[in-house]
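The values are calculated or read from the model by the stated rules, or taken from the named source; none is laboratory data. The structure displayed is predicted, hence computed values, not measured ones. Reconstructed Cβ throughout: ideal geometry from the backbone, glycine too, with neighbour counts over all protein chains shown.
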């Protein structure tokens with residue numbers, strides 16, 4: 001069969017999930033994360049002249065699944081963020097988003113221009129913006145390790161949740177510019193900002209109404225308690241879908257909906273309610289990582305040292321120097337700045353942006369963009385997945401009880 005997504009994907013995924021369930025603890029002790037395992041499984045099954053499973057990178061269904069996965073993950077992450085604590089810590093996330101993210105995009109653009117010759121500045125900017133947003137799920141060991149100061153865990157989580165949506169208008173803007181050169185209408189920039197704002201409004205409205213409505217329904221005995229977690233997950237999909245239909249930024253809508261959903265509750269949202277959503281996001285993420293592994297053989301077969309050099313630069317200096325610059329004057333020690341700088345994994349958002357670029361740019365440019373982003377994400381899955389637990393343990397032990405980071 002040679003369809004977009006073969007029927008064989010489902011049984012392979014089923015076996016993979018069961019095997020991971022059987023051996024996850026042992027593999028975890030070897031610093032093999034779930035994304036590493038599923039990317040590896042996909043790579044194994046998708047390799048060779050006659051791969052057991054074939055998935056087209058141009059598949060529309062793959063794009064939809066990837067985008068929905070990102071929306072559910074963003075909502076689940078945001079719904080765990082305390083708005084009160086977020087307001088108290090607003091300075092640090094703001095620095096990373098307002099200063100660090102633009103600097104990272106700029107540095108990534110320059111790195112792409114130097115290491116990927118032949119691409120226009122606008123296409124290099126697409127690459128730089130696509131690999132700028134982070135994916136906290138790939139560094140979940142540090143986000144979930146309670147030995148790591150709570151303030152740093154919130155910082156990484158909030159940055160990851162918001163920078164996907166903020167990077168989206170940059171990617172769209174650069175794609176337009178890459179297609180039409182310097183003659184593009186400056187109004188496209190305003191349109192991107194409108195999309196960002198509209199996504200935030202839609203997300204806030206959906207999250208607040210759903211959160212308040214579900215709380216009232218539970219208090220009055222109208223809602224079946226067992227179904228509330230399912231309804232909560234539907235809020236994420238609803239915010240995403242409405243934003244897409246209304247030309248708003250769907251990823252911003254999903255994240256803001258999560259924050260609004262939690263804020264709309266007069267009491268703490270039960271952990272079990274959000275656990276289902278986060279579990280759904282985790283399972284969907286593994287589906288995406290498995291699919292990513294399936295398409296990797298085609299990427300690796302055309303990769304040169306230039307893409308590898310760009311990926312290494314994107315994961316180190318392109319991320320860490322802007323983060324250090326953004327955090328100047330915050331009083332954070334060097335170890336904390338280094339940890340925040342290193343834990344900028346590239347994941348689902350970058351994969352989504354690669355798929356968008358594939359369907360927008362000319363074939364020659366799109367192919368090179370896919371290669372650069374694909375290798376960056378692959379190395380991030382391996383390097384961040386393998387180092388998250390050891391670094392979290394070492395850093396958490398040395399900074400436990402630090403009241404300035406509590």
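Some notes on this structure:
- Any hit, the range 314-330, residues being over 18 Å from the mean Cα position of the chain (by Cα), more than 30 Å from residue 177 (Cβ to Cβ) and surrounded by 15 or more Cβ atoms within 10 Å (Cβ to Cβ): yes
Yes or no, residue by residue, for (1) over 27 Å from residue 340 (Cβ atoms); (2) assigned to a loop (DSSP other than H, G, I, E, B); (3) at pLDDT 85 or above; (4) within 19 Å of the chain's Cα centre (by Cα):
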position: 228; (1), (2), (3), (4): yes, no, yes, no
position: 239; (1), (2), (3), (4): yes, no, yes, yes
position: 289; (1), (2), (3), (4): no, no, yes, yes
position: 311; (1), (2), (3), (4): no, no, yes, yes
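- When we screen 92, 114, 86 for residues that are touching a helix residue (DSSP H, G or I) at 6+ places or on another chain (Cβ under 6 Å), assigned to a helix (DSSP H, G or I) and either modelled with pLDDT under 90 or closer than 18 Å to residue 317 by Cα (or both), the only hit is 92.
- Under the condition of being more than 17 Å from residue 142 (Cα to Cα) and in contact with a helix residue (DSSP H, G or I) (Cβ under 6 Å, 6 or more places away or on another chain), the residues counted in the range 326-345 number 2.
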